Amino acid sequence: MQIIKTVAEMQMISAQIKKSGQTIGFVPTMGALHNGHLSLFDKARQKADVAIASIFVNPTQFGPNEDYEKYPRTLEADSEAAIKHNIDYIFIPSVQEMYPEGYSTYVNIKNITEVVEGIKRPGHFNGVGVVLTKLFNIVAPDYAFFGQKDYQQTLVVKQLVKDLNIPVEIFVEPTVRLENGLAMSSRNKYLSEEERERATIIYKSLIEAKAAIQEGIKNRLELVKIVTNKLNKEPKIKIDYVCVALADSLKEVDQFKSNDNIVILIAAYMGNTRLIDNMLLTII
Ligand code: PAF
């Protein structure tokens, strides 16, 4: 595995790979790699001739009061994990390399960013949009892999590549969970053992909603209530939002119809740590 630090070198390598007729599978990450990322690495490895990952804690997607400074940076362990999972190149640019002095271009993604996570984290998805546009231009992947845990992000990425005609196929892979159900996240590193156990209420509340749907519930507010009531059983959890919406548009219709594909999205604080999770379900 080779570590690449400059845009110029990464672009040269990608161009050579393309010229030789090989395909590139790409996994963009912010590091602090866990099994969720590693399952994406494995998918990229299986699908493409050459597997490339990036590690870049992107400042433009963090709000002023968010955890940019303290976001876990575990480069050595990450490199070892990437080697184990047969990644060919890992692109680790500096902030200066990605956003040099005089940097002035931003993307503004509308509609799908104007609900839930986009409201709670103003500017977040535009930051994701700009860094991914740059990374896609630099790495030129045929395929890119994202985790379902960041569900709204996957919708944003699909919209971005469609609107800007970026020739990359987007794959969304299932959320990887701990045995107790907690979705794997780099931010789990902020949690104590006890908090990690208590945070499993998030997954349990999704399971409860799933059971309610299987019993025939179609009303959105009823589903929101089931999830909210369950989450409130854990005193250390503070709900940021519970959103039940159509899966492709995130529209919150009052009454769902049979066969509607819906998503339940949760953001909640465990102490100071903000966790998100979701479940895709079909109304019966
Ligand atoms: O999901 C993430 O880790 C980040 O939002 C991404 C896609 C790497 C962009 O910085």
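Descriptive notes on the structure:
- DSSP bridge pairs, the chain: antiparallel proportion in percent, nearest 5: 50 percent
- A Cβ-based charge dipole, computed about the Cα centre of the chain with Lys and Arg at +1 and Asp and Glu at -1, lands at about 380 debye.
- As a rough guide to protection, the peptides 225-236, 50-61 ranked by mean Cβ packing within 10 Å, highest first, stand as 50-61, 225-236.
- Rounded, prolate or oblate (a/c below 1.5 giving rounded, otherwise prolate when a/b exceeds b/c) for region 123-162 by Cα gyration tensor: oblate
- Calculated from backbone phi, Karplus (6.51, -1.76, 1.60) coupling profile of region 247-255 in Hz, x at Gly/Pro: 5, 8, 10, 6, 6, 9, 6, 5, 10
- Principal-axis analysis of the Cα atoms of the chain puts helix 220-232 at an angle of about 80° to the longest axis.
- Taking region 199-234 and a reference point 7 angstrom along Cα→Cβ of GLU179, the backbone N atoms nearer than 20 Å belong to 199-204.
- Phi angles across region 143-160 convert, under the Karplus curve 6.51 cos²θ - 1.76 cosθ + 1.60 with θ = phi - 60°, into 3J(HN,Hα) values of 10, 10, 10, 10, x, 5, 4, 8, 4, 5, 4, 5, 5, 5, 5, 4, 5, 4 Hz, Gly and Pro given as x.
- In sequence order, calculated HN-Hα J values of region 164-177 (Karplus, 6.51, -1.76, 1.60; Hz; x Gly/Pro): 9, 6, 8, x, 9, 8, 9, 10, 10, 10, x, 4, 9, 10
- Here the translational diffusion coefficient of the chain follows from Stokes-Einstein with Rh set to the Kirkwood radius across Cα pairs; for 10 °C and 1.306 mPa s it amounts to 80 µm²/s.
- Oblate is the label for region 100-142, because a/c, from the alpha-carbon gyration tensor with a ≥ b ≥ c as root eigenvalues, is 1.5 or above and a/b does not exceed b/c.
- Prolate/oblate/rounded label for region 1-106 (Cα gyration tensor, a/c 1.5): oblate
- Treating r as the C-beta distance of GLU9 and LYS120 and R0 as 30 Å, the FRET efficiency rounds to 0.20.
- Apolar share of the accessible surface for the chain: 49 percent from carbon plus sulfur atoms, 1.4 Å probe.
- Think of the chain as having a plus end and a minus end, set by charges on the Cβ of Lys, Arg, Asp and Glu; of LEU206, PHE146, ASN58, LEU206 sits farthest toward the positive end of this dipole.
- Accessible area of TYR89 in the full protein assembly, 1.4 Å probe (Å², nearest 10): 50 Å²
- Ranked order, ASP42, ASP49 - accessible area, probe 1.4 Å, largest first: ASP49, ASP42
- Per residue, in Å², the accessible surface of the chain once ligands and nucleic acids are set aside, probe 1.4 Å: 48 Å²
- Entries of LYS120/LYS251; LYS70/LYS204; LYS149/LYS210 with Cα pairs more than 21 Å apart: LYS70/LYS204
- In a fully extended conformation the segment linking GLU66 and GLN214 would gain 49.5 nm over its present Cα-Cα distance, using 0.36 nm per residue.
The values are calculated or read from the model by the stated rules, or taken from the named source; none is laboratory data. Fair warning: this is a prediction, and the values are worked out from it, not measured in the lab. Here the Cβ is made from the backbone with ideal geometry for all residues, glycine too, and neighbour counts use every protein chain on show. When the accessible area is computed, the model is the full protein with side chains, heavy atoms only, and any ligands, DNA or RNA have been set aside. Shrake-Rupley method; radii C 1.70, N 1.55, O 1.52, S 1.80 Å.
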